[in-house]
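Engineer: Quick one: the structure is below, and I'll ask about it shortly.
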């Protein structure tokens with residue numbers, strides 16, 4: 001299947017996904033997964049994204065709420081799935097030589113079963129830190145962390161070369177990690193009237 005056919009298939013999937021959005025938005029309005037955040041919530045989330053180990057008392061002092069109020073808000077946001085998990089972030093410079101590799105992958109066939117099989121292979125690889133299904137000439141973009149280029153070569157052999165559905169891939173090696181993070185800047189959300197609980 002050629003690149004133009006792949007792009008048409010991908011665009012069709014994207015349009016189909018977009019057609020489902022009104023229903024999803026309706027579900028949000030009906031309260032199925034709708035989550036409202038006020039200014040206190042956003043400030044708490046900004047702090048937790050920087051340091052989730054900070055005591056609730058310190059967070060309360062920063063946002064001018066009691067410890068109990070902060071605890072209730074954090075618990076509610078965990079229950080609603082806004083806070084999905086808390087993790088420990090490692091400093092790669094303290095772990096020896098590590099290399100960040102960005103890989104663009106193009107597939108031969110985007111048939112749903114083949115697409116899912118490839119996606120599962122990427123998800124199962126512990127060296128893949130992030131995986132995106134994208135528009136354009138590539139189908140997937142992977143962010144990987146490896147100990148050496150030799151290690152990456154071995155991974156690429158099994159993950160890309162031996163995958164019959166991968167037609168080509170392009171490797172970009174990061175010379176320096178200028179900025180790394182998954183923080184969502186809560187200030188981008190429109191403010192609503194803050195209220196203390």
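Engineer: Within the range 74-114, list the residues whose amide N lies under 20 Å from a label point set 7 Å along Cα→Cβ of residue 53.
Structural biologist: 84-96
Engineer: If R₀ is 41 angstrom, what is the calculated FRET efficiency for the pair residue 174 and residue 79, using the beta carbon separation as r and rounding to 0.05? Write down the numbers at each step before the final one.
Structural biologist: Working: r = 37 Å, r/R0 = 0.91.
Efficiency at R0 = 41 Å is approximately 0.65.
Engineer: Test of understanding: ordering 54, 107 by Cβ neighbours within 10 Å, fewest first, what list do you get?
Structural biologist: Starting with the residue having the fewest Cβ neighbours, the order is 54, 107.
Engineer: How would 132, 152 line up from fewest to most surrounding beta-carbon atoms within 10 angstrom? Working shown, then result.
Structural biologist: Values: 132 11, 152 20.
So the ranking, lowest neighbour count to highest, is 132, 152.
Engineer: Further, regarding this structure: Work out, step by step, the length gained on full extension between residue 182 and residue 89: first 0.36 nm times the residue separation, then minus their alpha carbon distance; give nm to one decimal.
Structural biologist: Here the answer is 32.4 nm.
Engineer: Can you put 149, 186, 144 in order of Cβ neighbours within 10 angstrom, beginning with the fewest?
Structural biologist: 149, 186, 144
Engineer: Now a separate question. Two decimals is fine: what is log10 I(q)/I(0) at q = 0.18, 0.25, 0.26 Å⁻¹ for the range 92-173, from a Debye sum with one equal scatterer on every Cα and no solvent?
Structural biologist: Scattering profile of the range 92-173, log10 relative to I(0): -0.71, -1.32, -1.43.
Laboratory data are not the source of any read-out in this text; all were calculated from the coordinates shown. These numbers were taken from a predicted model, which means no experiment stands behind them. Please note: Cβ atoms are built from the backbone with ideal geometry, for glycine as well, and neighbour counts cover all protein chains shown.
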